[in-house]
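Report on the following structure.
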Amino acid sequence: MILPIALAEGNLFDLVIRMETQLTWYGQSAFKIMTPAGNVLLVDPWLTNPVFEQGNDEVAALKRVDLILVTHGHSDHVGNAVEIGKRTRAKLVATYDLSAAMTTVLGYPEELADTDTTGHFGGTLNLLDGEVRVTFVPAWHGAGVEKGEDSRPFYGGNPSGLIIAIRGGLTFYHTGDTDRCSDMALVSRYNKVDVMLVCIGDHFTMGPARAAEAVKLVAPQTAIPMHYVTFPVLTGTPEAFGRELKVRKVKVKLRVMKVGETIVLDAG
């Protein structure tokens, strides 16, 4: 009788391990997601931003990246994508127009930005043997792609948010840069969102009050604030965001990450 019990406990333990997803925040809107199968996703990978002192070291240390997902063409979101993509051979996941701009203007390798990982609003991409599904949803912002600080912006299509659904794991909603919009109320109709990565900084995106309203529309289990503190003009804070959530009686777990921190999220 001991052996079957041990096997059962072992299988249960293995299942829990497989369901774990690791999330790292690098500051601004840059995240790394390590899936239960060990695949590595980077979202808006501006790792060398002003608040992440180890940015250059982290870029150099990334040996494996499977997908680089970019919400829009601004430099604080494209970030180090081209450099990392060239070295790790990560496939670029973006809307058609943004993908074209990043390959043509910024030099992202065209062979890593093919139809398999290029889509548009409402469409869902099945990636990494079906472990990851990415759906593009609207965001209210701009999307010009700039080759350098003094260059003119090139057309990068409409900005997007990303629904990232992981098989055996969690479903993330990365808002990108956006204001609150009524379309957010429809996101959970098609995808039950576990973790909402939500911009709160104000000035260029929604601030704490409007971000709290956005969370109320989406109704995720956990909200993680982003796109704040990087520059003085981004005045929104997690404390203010938390107060606004309470004022609106939003039932959500507020998880505030430190820059460079990695957390483990369990789908179970």
(Q) Given the -39500 (n - 2.57) contribution per DSSP H run of 4+ residues, what per-residue ellipticity at 222 nm results for the chain, rounded to the nearest 500 deg cm²/dmol? (A) -7500 deg cm²/dmol
Q | Cβ-defined net charge surrounding residue 88, 11 Å radius [Lys, Arg +1; Asp, Glu -1] | A | +4
Q: Quick one: which residues, 5+ away or cross-chain, put their amide H under 5 Å from the amide H of residue 254? H built at 1.01 Å from N.
A: 223
**Q.** the chain: relative contact order in percent, alpha carbon pairs under 8 Å with at least 6 residues between
**A.** 17
Q: Please sort through the DSSP H helices of the chain and keep those with an alpha-carbon extent of at least 20 Å along the long axis and a Kyte-Doolittle average not below 0.0.
A: 2-18
**Q.** Three-way shape label, the stretch 48-178, alpha-carbon gyration tensor, a/c 1.5
**A.** rounded
Q.
What is the percent carbon and sulfur in the accessible area of the stretch 58-136, measuring with a 1.4 Å probe over the protein chains and ignoring ligands?
A. 47
Q) Under the definition of Cα pairs under 8 Å and six or more residues apart, what whole-number percent is the relative contact order of the stretch 200-268? A) 39
Q. So which residue, out of 85, 123, 157, gets the largest mean-square fluctuation from a GNM of the chain using Cα contacts under 10 Å as springs?
A. 123
Q) Rounded if a/c is under 1.5, else prolate if a/b is larger than b/c, else oblate: which is the stretch 181-268, with a ≥ b ≥ c the root eigenvalues of its Cα gyration tensor? A) oblate
Q) Between residue 126 and residue 267, what length in nm is gained on full extension when 0.36 nm per residue of separation is reduced by their alpha carbon distance? A) 48.8 nm
Q) Measuring with a 1.4 Å probe in the full set of protein chains, what accessible area per residue, in whole Å², belongs to the chain? A) 47
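The values are calculated or read from the model by the stated rules, or taken from the named source; none is laboratory data. What you see is a predicted model, and the numbers here were worked out from it, not measured in a lab. A quick note on method: Cβ atoms are made from the backbone with ideal geometry, for glycine too, and the neighbour counts reach across all protein chains shown. Areas reflect the complete protein model, heavy atoms only, side chains present, ligands, DNA and RNA absent. Shrake-Rupley method; radii C 1.70, N 1.55, O 1.52, S 1.80 Å.
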